[in-house]
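Here is the structure we will look at, set down as structure tokens.
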Amino acid sequence: MAKLDKDSLANTFLIAVFLCLVCSVVVSSMAVALKPIQKLNKELDQKKNILRAAGMLPADQNVSADGRSIEELFAEFTVRAVDLQTGEYVDGIDVASYDPIRAASDASKSVALTPSEDIATLRRRENVSLVYLKTTATGIEKIVMPVRGYGLWGTLYGYLALDGDLNTIAGLGFYQHKETPGLGGEVDNSKWKAGWQGVRLFNDMGQPQVRLVKQRSASTSEAASYEVDALSGATFTTKGVENMVNYWTGDGGFGAYLKRLKSNGLAQG
Ligand SMILES: Cc1cc2nc3c(=O)[nH]c(=O)nc-3n(C[C@H](O)[C@H](O)[C@H](O)COP(=O)(O)O)c2cc1C
């Protein structure tokens, strides 16, 4: 029998192919095995962001002030699918797997926006979105809505929370954006985010009026109740955030739904 030449080209090639095969099997198995953990982590992160926007989870903490976990806190929320055109709930949608952002890129599940409608630079808006509701015996205590809008470098994705009166902002937070750290990236600054709490959303005509301003109006004026500090050196991000909040709470976004809740007497206060 011919002796195997370990240093031959064929042998080197065979060993290289064998090693590649072993490595690809190991990497693929790891990817498959870790997928459920990645999915769980993504879901946990989403819950964390919703709770933070609602002011129920302190920044950089994974438990509430009274020691409750993310899962425990999130269990207080009901998730519903909402038809943004009619403001009615949509049954028959699996809210755990439904992705409004993905729906927005599907022409059969979204609408194209005209330039005058598209103040948040979305191009398309999904027909159905999700809402996260925390309710009590007397009505809604908190409502959290997914929002997005273009800043300077890309789309900012986040959650906007309202108090039970459906007219006061409880919080705003972003989980993804491309703005510059120190400039537009200050949207993540907890001090700036705290400035959203208690801001009034709608005027007496039911139109969203939030303004991000460099100079505040007199504190006694009505205008001051709609104002949040602009981000310094980040005019584009600032305008993007202002447009985003007004878009998603207006008729193009959750406006019809919020009006329906109010007319059904579900708003508190
Ligand atoms: C490297 C670089 C990054 C910037 N990043 C942002 C940003 O994230 N958001 C923003 O609105 N402006 C950003 N700007 C600034 C804008 O180009 C523009 O100058 C600014 O929005 C003007 O804001 P001001 O009127 O408050 O000074 C950046 C500028 C540079 C040079």
Ranked packing of 72-80, 172-180, most packed first, by mean Cβ within 10 Å:
172-180, 72-80
In whole angstrom, the spacing between the Cα centers of the stretch 155-181 and the stretch 4-82 equals 25
Per DSSP helix of 4 or more residues, -39500 (n - 2.57); summed, then divided by the residues of the chain. What does that give at 222 nm, rounded to the nearest 500?
-10000 deg cm²/dmol
Please list 3J(HN,Hα) in residue order for the stretch 105-120, calculated via the Karplus relation 6.51 cos²θ - 1.76 cosθ + 1.60 where θ = phi - 60°; whole Hz, with x for glycine and proline.
9, 9, 4, 7, 10, 8, 10, 7, 9, 6, x, 6, 6, 8, 5, 9
Karplus (6.51, -1.76, 1.60) ³J(HN,Hα), θ = phi - 60°, over the stretch 123-128, in Hz, Gly and Pro reported as x:
6, 10, 10, 4, 6, 10
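Step through the table entries Lys109/Lys191; Lys239/Lys259; Lys48/Lys214, compare each Cα-Cα distance with 27 Å, and write down the pairs that go over it. List each step's numbers first, then the result.
On the way: Lys109/Lys191 37 Å; Lys239/Lys259 25 Å; Lys48/Lys214 31 Å.
Exceeds cut-off: Lys109/Lys191; Lys48/Lys214.
Kyte-Doolittle mean at least -0.5 and Cα extent at least 20 Å along the axis: which DSSP H helices of the chain qualify? Intermediate values should be presented prior to the final figure.
Values: long enough: 9-53 (62 Å, 0.83); 235-249 (21 Å, -0.45).
The qualifying helices are 9-53, 235-249.
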What residues qualify as long-range amide H neighbours of Leu130, i.e. H under 5 Å apart, gap of 5 or more or another chain, H built at 1.01 Å from N?
Val82
Three-way shape call for the stretch 77-263 based on the alpha-carbon gyration tensor, with the a/c threshold at 1.5:
oblate
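Using a cut-off of 14 Å between beta-carbons, work out the net charge of the residues near Met205 (Lys and Arg +1, Asp and Glu -1, Met205 not included).
On the way: positive: Arg200, Lys259, Lys262; negative: Asp204, Glu222, Asp251.
With Lys, Arg at +1 and Asp, Glu at -1, the net is 0.
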May I ask you to list the aspartates and glutamates whose Cα is less than 12 Å away from that of Lys193, ignoring any residue fewer than eight positions away on the same chain?
Asp229
Could you list which residues have their amide H under 5 Å from that of Val147, counting only those 5 or more apart in sequence or on another chain, with H placed in the peptide plane?
Gly158, Tyr159, Leu160
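Net charge near Glu222: determine it from the other residues with C-beta under 11 Å of the C-beta of Glu222, scoring Lys and Arg +1 and Asp and Glu -1.
Values: positive: Arg200; negative: Asp204, Glu227.
Summing Lys and Arg as +1 and Asp and Glu as -1 gives -1.
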Let's test this: bin the Cα-Cα distances of the stretch 154-258 at 5 Å from zero up to the farthest pair and state each bin's percent.
2, 13, 24, 27, 20, 11, 4, 0
Where is the GNM fluctuation largest for the chain (alpha-carbon springs, 10 angstrom cutoff): Ser116, Ser129, Ser225?
Ser116
Given H placed on each backbone N at 1.01 Å, which residues far from Leu231 in sequence or on other chains put an amide H within less than 5 Å of it?
Thr238
Which FRET efficiency, nearest 0.05, do Asp83 and Asn203 yield, Cβ-Cβ r, R0 25 Å?
0.50
Using θ = phi - 60° and Karplus 6.51 cos²θ - 1.76 cosθ + 1.60, couplings along the stretch 146-158 (whole Hz; Gly, Pro as x):
x, 9, 7, x, 7, x, 9, 9, x, 7, 9, 10, x
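Any read-out appearing in this document is the output of simple, stated calculations on the displayed coordinates, not a laboratory observation. Everything numeric in this text was worked out from a predicted model, so none of it was measured. Here Cβ is always computed from backbone atoms with ideal geometry, including for glycine, and neighbour counts include all displayed protein chains.
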